[in-house]
There are 4 protein chains.
Amino acid sequence: MTRRRLRLGMVGGGAGSFIGGVHRMAARLDDHYTLVAGALSSDPERARQSAEALHIEPDRTYADYDTMAAAEAARPDRIDVVSVVTPNDSHAAICHAFLTHGIPVICDKPLCTLMQDARSLADLLQRTGLPFVLTHNYTGYPLVREARARVLAGELGTIRVVQVEYPQEWLAEAIENTGQKQAAWRTDPARSGPGGSVGDIGTHAHQLAGFVTGLRLESVAADLSTFVPGRRLDDDARMLLRYEGGARGMLWCSQVAPGFENGLRLRVIGDKGSLDWLQAEPNVLHLALLGQPMRRLTRGMPDLSASASHATRIPSGHPEGYLEAFAQIYTDAAALLWNRLENTPAGADAMLLPGIQDGLRNVAFIDAVIASHKADAAWTRLEV
Amino acid sequence: MTRRRLRLGMVGGGAGSFIGGVHRMAARLDDHYTLVAGALSSDPERARQSAEALHIEPDRTYADYDTMAAAEAARPDRIDVVSVVTPNDSHAAICHAFLTHGIPVICDKPLCTLMQDARSLADLLQRTGLPFVLTHNYTGYPLVREARARVLAGELGTIRVVQVEYPQEWLAEAIENTGQKQAAWRTDPARSGPGGSVGDIGTHAHQLAGFVTGLRLESVAADLSTFVPGRRLDDDARMLLRYEGGARGMLWCSQVAPGFENGLRLRVIGDKGSLDWLQAEPNVLHLALLGQPMRRLTRGMPDLSASASHATRIPSGHPEGYLEAFAQIYTDAAALLWNRLENTPAGADAMLLPGIQDGLRNVAFIDAVIASHKADAAWTRLEV
Amino acid sequence: MTRRRLRLGMVGGGAGSFIGGVHRMAARLDDHYTLVAGALSSDPERARQSAEALHIEPDRTYADYDTMAAAEAARPDRIDVVSVVTPNDSHAAICHAFLTHGIPVICDKPLCTLMQDARSLADLLQRTGLPFVLTHNYTGYPLVREARARVLAGELGTIRVVQVEYPQEWLAEAIENTGQKQAAWRTDPARSGPGGSVGDIGTHAHQLAGFVTGLRLESVAADLSTFVPGRRLDDDARMLLRYEGGARGMLWCSQVAPGFENGLRLRVIGDKGSLDWLQAEPNVLHLALLGQPMRRLTRGMPDLSASASHATRIPSGHPEGYLEAFAQIYTDAAALLWNRLENTPAGADAMLLPGIQDGLRNVAFIDAVIASHKADAAWTRLEV
Amino acid sequence: MTRRRLRLGMVGGGAGSFIGGVHRMAARLDDHYTLVAGALSSDPERARQSAEALHIEPDRTYADYDTMAAAEAARPDRIDVVSVVTPNDSHAAICHAFLTHGIPVICDKPLCTLMQDARSLADLLQRTGLPFVLTHNYTGYPLVREARARVLAGELGTIRVVQVEYPQEWLAEAIENTGQKQAAWRTDPARSGPGGSVGDIGTHAHQLAGFVTGLRLESVAADLSTFVPGRRLDDDARMLLRYEGGARGMLWCSQVAPGFENGLRLRVIGDKGSLDWLQAEPNVLHLALLGQPMRRLTRGMPDLSASASHATRIPSGHPEGYLEAFAQIYTDAAALLWNRLENTPAGADAMLLPGIQDGLRNVAFIDAVIASHKADAAWTRLEV
């Protein structure tokens, strides 16, 4: 059966945005969406020009998200879903606006900056039952899903240690003072929230580790640094982890690490084996079972799990990358949305989609990390 | 200025095709095309179903390419370009049909199977001046373009040795006898032409080496094998290379090499330095200058050439892959097509697009390789 | 000038020992020592047989170290130095015996298990001025010395973060209960001291980080685990680090990590660049300067520091390994011993030799780690 | 049982030699030899000084090899074996001198420069039955032996393709004109023989491929180059290979390839799997079986073959290197020599030692390569 393309709206993501373009490429790749409406910028002229460049019709080009939510909700050809790709501080209000108008949301991470807003959104979602997806895009990589499948199948035995790190180099100098837009809002507590590197990438690391292991982080002992003089948020964070059930771990995130472009890496160590995945080489997953040679699993090879095989487009040896993983989130979200339109139950892959629970846990994570740091690295529980 | 999306037609690429889907994802990624017409299969029912699945309107769903070429040429909203993604033996006739109706072509490689057809197409293109692109997609990788820019800038000095290889494993067993469609036509001389691995992937290797070095292959001394019993075309080929100007080299292509998923690799050795690029890790280019440490160049890093910086979408450390490189061919082709519509000269990046000359040289390459093999690896010149 | 071979004695290292054989190969490689005396085992018959196998004369084969120290000190051809390669708990007494007889010592790490013994040895060394070398063998790798030279020269700028890890897999199961001698004493608090993985390999990691950065560790916040049921010492440890001067870091050591054979790795991140060294590929050092491509420095290449060039034997591309690095400690110790015999000042390379200060700091490290762990990961200062 | 150390003599290897020092370290490492006699240089004063530096007694310091062979043969404590480490042109005469005096020989490769000399030595060895070892040292690496064991056990199935390469960079410029002694004799036909890169390193590549696969090379089609102006021997060679039994392959050796320090690499492709070994990372062997993930075999891991386990000293994860592999040749030679002294049959490991047959085949290889090149890359058989 051929399903119609879903009508997509977008808030944020106008000219100069990084993540807006990523969301659009991700939505296009597998051809399940068509972008028809947008409030792409808080600057009206930029919003208009950006919409025109994206072939959005003038009557669906909006100056603000409230107008858009109301107007779209009133149309017979209303958008099926809206993508929210603004800075962190505005996520909660925008999501709230669309959800209250009955429009499902795909929201960029992190969910929001305040726990009370996160809980309020969670309540709203529970009441409305609307689809809500948080783009923790690294969970869209097929070998991340393979890692999860193998851990949950018990191939590594009982998990003992989780080592996750996410070093970047791009904020090694104070480029926020040079007019670099991405750097400016990410180092501004008013827009980014209380976490700097912790909020921007530490949350990815935390979520990825939980996704792959199925474990819930219980408490952290954290040490934060702001290495670049004058910066107002942490730019490097190191922490000890305690998971429910007894697993232990460490997390390092940094935005001041020269030589690390986007070095997200997850290692999971169990009593029977270990896994190692590196975002820079996403088509490979190293699996070591105790007493056996390291095995190099690759995207597209035979005998991968259904969840990994599902999340790929082309044969092994033809590298897929970041955009394909991001597209997988959109593609699985499309299945979720169609299921709802058709009133059928969501499939297994939709169940893997990150959502409100990931958002809640990450806001709690940021809060616990900062509280621990202020308490001289005292063990601090995540309060969801 | 916002340009309208180009109207794309497609011949071949119906259900079950690998490369057809790749072309469509490539065309979609950067949002410069919209697929509006197709003759997607020689089987009418499959053609119809495939078109419907791709949201092509029934009145632009065609049963054969001749009808399509004529009908589209007659429409005011005719397609701007057609993609030809059928098996090799039909490329020449299909390209001929569209070009004679004045419709530009994006053709999958290799150009065709017979030198006389290749020359005939070249003549037609020269007469008509129509845009024609051959999807040697590996030239779309930014670090392949970086390699070319550095070689042509003289950074490696005089090129001495070219080492290029393209091993795959997928035909290590006789899967063409199991109903695998891709394997069946690629091992059938009637559809694939006289070269097996030589035609399918040896041509990519030959073209890539020429693209990066700017050198023309003068002659080959080749040894072909058909290792899988009963197979009718070569499945492994090894050859010595002599380039115009004195460079020497080797080329290995294989489709029977377990452990090699899609192992295209190019090494270029000059008197001042060498380069190494591996398709499986396409975001990296290793550069060694004599007496200096090996440097690891990465997509998106500062100080890359304009041609490499142009051919990327997202920041360094966020891997791009095969589909993005393929999309770059489509994106540069779009620029070429727009330039023509607007009557402006083609830009520098369009000049990098592989086209009829690459096609001609590759047909000559296949012919020379086979002739050399039949002459017991005697040195044999490429006759274009 | 040709110098005579130094006369070497050994305590411990009889049949079944791992590290004894390593010390002997290390002493032989560069031909500066000849093994002439030994008390190789506390079991007299094993001591005798081991000595015979090593061509040690019967009259210099001793049943215990006290007898050996006294007898050797009385000979005109007395040993120039003794190597102490017994389990940790006996180091202090053995070192004390030889030093009080005026015989220099090369002692396996860690120095000893109790701080009071460490201080007592330090006092004795200060009084006697005798050479004393602690075999932190990883400092013998040329690229470790290169790393140190570059950090101290300021190439990385101000050090911000130190990431050091040392995972192993060999104790992932309770092999200490199977008669494995190495595992038995290393998991026995009476012989190994209070630290398990912390003492055995965490000390290497701590010392290596200090050697390369020149920084002194100020305090730790540590979380220890004993994952294998019934084990009496930690087998996995994770900790946050604070260095004097403001650098921060993390240290992970584990002996229960499947897939990690001997995974010592050090990354040093400064505000101008970073370094990455992995013991499993010891001939390579990755150097990333901000805004420049990663460079791959290799043993034997031009333009390395004098300290790195000094510490190698054969050309680049011919891998050296663990034994060569260990031999470098012996070779630099030989220079120190000859300097003393000839009454000349020690050279620059001898100054790099790990010694009593490294020993003291590592005993303090173990004590601080354990104290921090007991205090729920509270920040705990190293008290030397 | 403790065996006495073997008495070793050496011809060549005085001050300034590279390979002489390597042989001595190799002989020392496992403590089976003691160097007692030498004719270390054709320059008498250098011979004397070199001997003194090596603690060789004056009465066993010889000015020439003839005198040495006669004098040693007449001593009751005569040397058990002599190492020949001179330039290639003198190997035959020196070996002949010692063998005719009944003294076994360890000879550096290649055996000699003329086939008639090689055959004459082979005859002499057959008549005398004396031990003779050729130091194709790369066969001493444990994972090379593992590769051989797996190929011979049929794990890869029928071998289809052999890809072997040995690129180096050190002769990329005409350093033979700068007084560099190693470069001078290796580029001098009078001392090196008719092959340049072919003789120096191509022979290693040819021998290694034969060792691992057990296949005999039948014929070659070769293209040689002398890229550095004024050089008198080839510095880069590329060739197609045909093995007895139907396997095919390619060999590249180069001494003008910037970025390649000592890049010996062997890939063996069979119908069931493939192997990949790289000398720069000698502790790793990659094994890919058709349809299974790549496996990373490492030195010292469980389940390696007896021949690989025998050829290592320290646990996995503690890298061994070039000197250890070279030492393995000496250690296996010691077993061979002791067996002879004790009149017991040689063990399995001694059977792996490269010897006169390897020498003969390599002289034939050089001759065939050069003949093929002169005949415009015509297929040319090896004539042993």
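What follows draws every value from the coordinates through simple rules; no lab data is involved. What you see is a predicted model; the values in this text were computed from it and never measured. Cβ coordinates were reconstructed from backbone atoms using ideal geometry, including for glycine residues, and neighbour counts include every protein chain displayed.
Hey, what do the phi angles of the stretch D:145-159 turn into as Karplus ³J(HN,Hα) couplings, whole Hz, using 6.51/-1.76/1.60 and θ = phi - 60°, x for Gly and Pro?
5, 4, 4, 4, 4, 6, 5, 5, 7, x, 5, 8, x, 6, 6
Using amide H atoms built 1.01 Å from N in the peptide plane, name the residues 5+ places from residue D:6, or on other chains, whose amide H lies under 5 Å from its own.
Residues meeting the amide H criterion: D:33, D:34.
Gaussian network model of chain B, Cα springs within a sub-10 Å range: biggest mean-square fluctuation belongs to which of B:168, B:292, B:126?
Of B:168, B:292, B:126, the Gaussian network model singles out B:292 as fluctuating most.
Shortest first and in nm to one decimal, what separations exist between residue D:71 and its copies in the other chains, measuring from label points 7 Å along the Cα-to-beta-carbon line?
Relative to the other copies, residue D:71 has label-point distances of 3.8, 10.0, 10.4 nm.
Which value at 222 nm does chain D reach when only helices count, each DSSP H run of 4 or more adding -39,500 (n - 2.57), with the total divided by all residues and rounded to the nearest 500 deg cm²/dmol? It would help to have the intermediate numbers written out before the result.
Working: 13 runs with 135 residues, N = 384.
Value at 222 nm, helices only: -10500 deg cm²/dmol.
Using amide H atoms built in the peptide plane, which far-off residues or other-chain residues are under 5 Å from residue C:40 H to H?
Close amide H contacts, sequence-distant or interchain: C:12, C:62.
Could you give me D for chain D, from Stokes-Einstein at 37 °C and 0.692 mPa s, where the hydrodynamic radius is the Kirkwood radius over C-alpha pairs? Units µm² s⁻¹, please.
Values: Rh = 21.3 Å.
Taking Rh from Cα pairs, D becomes 154 µm²/s.
Net charge within 13 Å of residue C:273 by Cβ-Cβ distance, Lys/Arg positive one each and Asp/Glu negative one each, not counting residue C:273 itself?
Values: positive: C:150, C:160, C:267, C:272, C:295; negative: A:169, A:173, C:155, C:271, C:276.
Its environment carries a net charge of 0.
To make sure I understand, if each residue's beta carbon is the centre and we count other beta carbons within 10 Å, what order do D:253, D:112 fall in, fewest to most?
On the way: D:253 32, D:112 26.
Going from sparsest to densest Cβ surroundings: D:112, D:253.
With the contact rule set at Cα under 8 Å and sequence spacing of 6 or more, what percent relative contact order holds for chain D? Intermediate values should be presented prior to the final figure.
Details: 847 pairs, mean separation 73.0, N = 384.
Result for chain D is 19 percent.
Identify which of B:63, B:153, B:37 has the largest mean-square fluctuation in a Gaussian network model of chain B, with springs joining Cα atoms closer than 10 Å.
With Cα springs under 10 Å in chain B, the top fluctuation among B:63, B:153, B:37 is at B:153.
Rounded to whole Hz and in sequence order, give me ³J(HN,Hα) for the stretch C:189-203 from the Karplus expression 6.51 cos²θ - 1.76 cosθ + 1.60, θ = phi - 60°, writing x for Gly and Pro.
Each residue's phi maps through the Karplus curve to give x, 5, 9, 8, x, x, x, x, 4, 4, x, 6, 10, x, 5 Hz.
Relative contact order for the stretch D:1-77: what percent, with Cα pairs under 8 Å and sequence separation of 6 or more?
On the way: 105 pairs, mean separation 21.5, N = 77.
Normalised by residue count, the contact order of the stretch D:1-77 is 28 percent.
If we count every other residue with Cβ under 14 angstrom of residue B:177's Cβ, Lys/Arg +1 and Asp/Glu -1, where does the sum land?
0
Just to confirm the numbers: residue B:180, label point 7 angstrom along the Cα-Cβ line, distances to the other copies in nm, shortest first?
Here residue B:180 shows inter-copy label distances of 4.2, 4.6, 4.7 nm.
Excluding residue B:95 itself, what net charge comes from residues whose Cβ is under 11 Å from its Cβ, given Lys and Arg +1 and Asp and Glu -1? Let's see the in-between values first.
Working: positive: none; negative: B:108, B:117.
For residues surrounding residue B:95, the net value is -2.
I'd like the distance separating the alpha-carbon centroids of the stretch C:159-188 and the stretch D:274-311, in whole Å.
Centre-to-centre (Cα) distance: 24 Å.
So which residue of D has the beta-carbon closest to the axis that swings D onto A, and how many whole Å away?
D:295, 3
Calculate the radius of gyration of the Cα atoms of the protein assembly as shown to one decimal place, then report Dmax, the largest Cα-Cα distance, as a whole number, both in Å.
Just the Cα atoms of the protein assembly as shown yield Rg and Dmax of 34.6, 111 Å.
Neighbouring Cβ atoms within 10 Å as the yardstick, rank C:79, B:269 fewest first.
Working: C:79 26, B:269 31.
By the 10 Å Cβ count, ascending, the order reads C:79, B:269.
Normalise the Cα radius of gyration of the stretch D:6-130 by 2.2 N^0.38 Å (N = residues in it) and let me know the number.
Details: Rg = 13.5 Å, N = 125, 2.2 N^0.38 = 13.8 Å.
With N residues counted in the stretch D:6-130, Rg over 2.2 N^0.38 Å equals 0.98.
Using label points projected 7 Å from each Cα along Cα→Cβ, tell me how many nm separate residue A:5 and residue D:278, to one decimal.
4.4
Please build a GNM for chain C, connecting alpha carbons under 10 Å apart, and tell me which residue among C:152, C:233, C:251 fluctuates the most.
C:152
Suppose you put the label 7 Å out from Cα in the Cβ direction; list, shortest first and in nm with one decimal, how far residue A:344 is from each other copy's label.
Relative to the other copies, residue A:344 has label-point distances of 4.7, 7.5, 8.6 nm.
In terms of modelled amide H atoms, which long-range or inter-chain residues lie less than 5 Å from the amide H of residue C:172?
The list, which skips near neighbours in sequence, is empty: none.
Calculate the spin-label point distance for residue A:64 paired with residue C:342, positioning each point 7 Å from the Cα along the beta-carbon direction, and give it in nanometres.
8.5
Which of C:309, C:372 comes first, and how do the rest follow, when ranked by fewest Cβ neighbours within 10 Å? Intermediate values should be presented prior to the final figure.
On the way: C:309 16, C:372 23.
In increasing order of surrounding Cβ atoms, one gets C:309, C:372.
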